[in-house]
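Right, one structure below, let's go through it.
The values are calculated or read from the model by the stated rules, or taken from the named source; none is laboratory data. What you are looking at is a predicted structure, and each value in this text was computed from that prediction instead of being measured. Here Cβ is always computed from backbone atoms with ideal geometry, including for glycine, and neighbour counts include all displayed protein chains. Note: accessible area is taken over every heavy atom of the protein model, side chains too, but ligands, DNA and RNA are not part of it. Shrake-Rupley method; radii C 1.70, N 1.55, O 1.52, S 1.80 Å.
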Amino acid sequence: MGNRNFVIEKQNIINLFNQNKFSKISKISSKIRNLFENHPDIIKMIVMSDLNTKNFIKAEQLLRKVLTLNNTDEYNYILGNTLKFQNKYEEAIEAYKKSISLNNNFSEAYNNLANVQKKTESFDDALLNYKNAIRTNQNNLEAYYNLANLLKSLKKYDEANENYKKVISLNPKFTDAYNNIGTIYSILGKFDDAKKYYIKSIEINKYFAEPYKNYVQLCKTNENDKVFNNLKEIVNEENLDDEQKEVFFYSISKAYFDIENNNLAFKYLNSANKLKLNKLNYSFNKEKKEFKKIKEFFLNKELLNSDSSKENKVKPIFILGMPRSGTSLIEQIISNHTEVHGAGELDSLPISVKKSDWINSNDLEKISKKIRNEYLDRVSLMTKKKYITDKLPGNFKRIGFILNAFPDSKIIHLQRNPMAICWSNYKSNFNSIGMGFTLNQEYTAEYYLLYRDLMKFWNERYPKKIINVNYEIFVENFEIEVKALFTKLNLNWENQLYDFHKNERPVETASLMQVRNKIYKKSSEQWKNYKKYLTSMSNILSANNIEF
């Protein structure tokens, strides 16, 4: 090809790229692609076009060919990005490392290397490389933000906030950073500070939905609240997408409940739940099958006679039950003990159980050993205390695994008024995709039936292995019940254990405000205020002889 034609082809690619016509660039023949092997800017345009049109293999092939002729830090970096898009994480890590070996001041390569290491749960390496990205470029805002997000997920809240504040110093309009700082202050119980940051985030971007949701959870709204008035305007605007509507509708629903306008509160709550359910690939039949498989697996299996207590660095206390049954309160009380670390809702057990591949095996001893090793490897790094609480409510499905993998552990099961539980689940905006059943009144009630049936199964199969706690009795006879609970846990009594609300440990659940206040005895009766709106839920429970 002559020089004139080369110039024309080059300008053609530039023009198409500037017009976002990525599919046309991606269709350019290999013959023309090969002309630009020594022109990084054009190669980048072609590769970015391939990535935009999901032609990942084309992009990878071009880059690998170019690298045989011109092994530069930039090409290796782009290859790393291309491999990351394909979830080829180990290969992406190698590409980024090669890029850094050719240029040890390549800040973006460190940052993207850390992003992939985070995905592979190599958290220490990720932390190191985010810091390397910052060391080589003090203004790398993305690295500061990614580092802050990782620290937040690792529950290193103070350090996370330092980095979010650095993000704000580099970009005072970064709304997500303000919202995330507010979230951390909420977790730490610093509610006034949290509200200030939520309001600042809203002031910068009136249509950023997350801080509205977080703000209304921290206070009882009144008619004069500026955030509430913003919400009333926004929900009537026509240009909102479904994602925005969902969050704004949840937020204004909570506000209307606060001012006791129940008609509008339920109007927006029902709409928000419907929007959320529509976007999820949720199947209640799949849920039922899971419960059935669990029961079938443990139906004829006796408990293993294993004693793993000597090898355990930390002893778990599992606090479980239906979500919104009082598990956060119980954990707050127990974690006030000097020998107990309150770890909150951990995903460690579900991950360990899934990795055991129990569904395709019948060897309970082998499965239990896998679960024990995987779980303890994760949680033993969290504390040097003797006990750790794991209060993921959904672990009620995994009681059989717990009893076999951790024979020296304790299991506390929370029972509560069925309608109080179902109502509280339906009104809560959970982040977990596993909570799809809460988005429909019928599903919520039917899920409660599945839970109740499975707990009956566990208690019959393994009598006296589960500490069953009735929430209403517990709060009504607080001092007696607290002492009885610590006796069952074989933990010595300590004078501060009644003052659970003074426990300053981080709390991430929907109960983060309640557990920092003294006992409220009438919470299980609140659903009665909304009885006429909850008939489809209550009818299912009544039809199955559930008393409430």
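Below is a table of values for the structure above.
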quantity	calculated
Residues being more than 12 Å from Gly189 (Cα to Cα), among the hydroxyl-bearing types (Ser, Thr, Tyr) and at pLDDT below 95 - total across segment 510-536	3
Helices (runs of 4 or more DSSP H) completely within segment 116-225 that count 2 or more residues being crowded, with 17+ Cβ neighbours inside 10 Å and among the polar types (S, T, N, Q)	123-136, 141-153, 157-170, 175-187, 210-218
Of all residues making up segment 350-393, the number that are open to solvent by 20 Å² or more (accessible area, probe 1.4 Å), farther than 24 Å from Asn490 by Cα and assigned to a helix (DSSP H, G or I)	15
Residue match in segment 247-256 (condition: within 24 Å of Phe191 (Cβ to Cβ) and in contact with a Ser or Thr (Cβ under 7 Å, 6 or more places away or on another chain))	yes
Close pairs from segment 204-224: first under 18 Å from Asn180 (Cβ atoms), partner open to solvent by 70 Å² or more (accessible area, probe 1.4 Å), Cβ under 6 Å, at least 6 apart	Ile204/Lys173
Pair list, Cβ < 6 Å and 6+ apart or interchain, from segment 468-497 residues that are of a type in the set (A, V, I, L, M) to residues that are part of a loop (DSSP other than H, G, I, E, B)	Val475/Ile519; Val475/Lys521; Leu491/His337; Leu497/Asn336
Scan of segment 218-253 for residues that are of a type in the set (Val, Ile, Thr) and either touching an Asp or Glu at 6+ places or on another chain (Cβ under 6 Å) or under 26 Å from Asp193 (Cα atoms) (or both), ordered by number	Thr221, Val227, Ile234, Val247, Ile252
Check on Lys118, at pLDDT 95 or above and either at positive phi or under 20 Å from the mean Cα position of the chain (by Cα) (or both)	yes
Complete set of residues in segment 160-214 that are in contact with a Pro (Cβ under 7 Å, 6 or more places away or on another chain) and at pLDDT below 95	Ile187, Leu188
The lone exception for Asn300 - which of (1) surrounded by 14 or more Cβ atoms within 10 Å (Cβ to Cβ); (2) free of Cβ contacts under 8 Å to residues at least 24 places away in the same chain it fails	(1)
Elements of type helices (runs of 4 or more DSSP H) contained in segment 401-500, each with 2 or more residues being closer than 13 Å to Pro323 by Cβ	418-427, 441-461
Total residues in segment 34-71, condition charged (D, E, K, R), open to solvent by 50 Å² or more (accessible area, probe 1.4 Å) and in contact (Cβ under 8 Å) with a residue 12 or more places away in the chain	4
Candidate set: segment 418-451, residues that are of a type in the set (A, V, I, L, M, F, W, C), in contact with a helix residue (DSSP H, G or I) (Cβ under 7 Å, 6 or more places away or on another chain) and open to solvent by 30 Å² or more (accessible area, probe 1.4 Å); chosen: the one nearest to Phe284 (Cα to Cα)	Leu450
Subset tally (residues that are of a type in the set (Ser, Thr, Tyr), open to solvent by 50 Å² or more (accessible area, probe 1.4 Å) and in contact with a helix residue (DSSP H, G or I) (Cβ under 7 Å, 6 or more places away or on another chain)) for segment 80-106	1
Qualifying positions in segment 127-160 - under 19 Å from the mean Cα position of the chain (by Cα) and aliphatic (A, V, I, L, M)	Leu147, Ala148, Leu150, Leu151, Leu154, Ala160
Exclusive hit being at pLDDT below 95 and among the hydroxyl-bearing types (Ser, Thr, Tyr), set Ser432, Ser424, Ser352, Ser409	Ser432
Criterion (part of a helix (DSSP H, G or I), modelled with pLDDT of 95 or more and farther than 23 Å from Trp423 by Cβ) met by exactly one of Asn230, Asn263, Asn273	Asn230
Some residue of segment 482-491 being touching a strand residue (DSSP E or B) at 6+ places or on another chain (Cβ under 6 Å), open to solvent by 40 Å² or more (accessible area, probe 1.4 Å) and charged (D, E, K, R)	yes
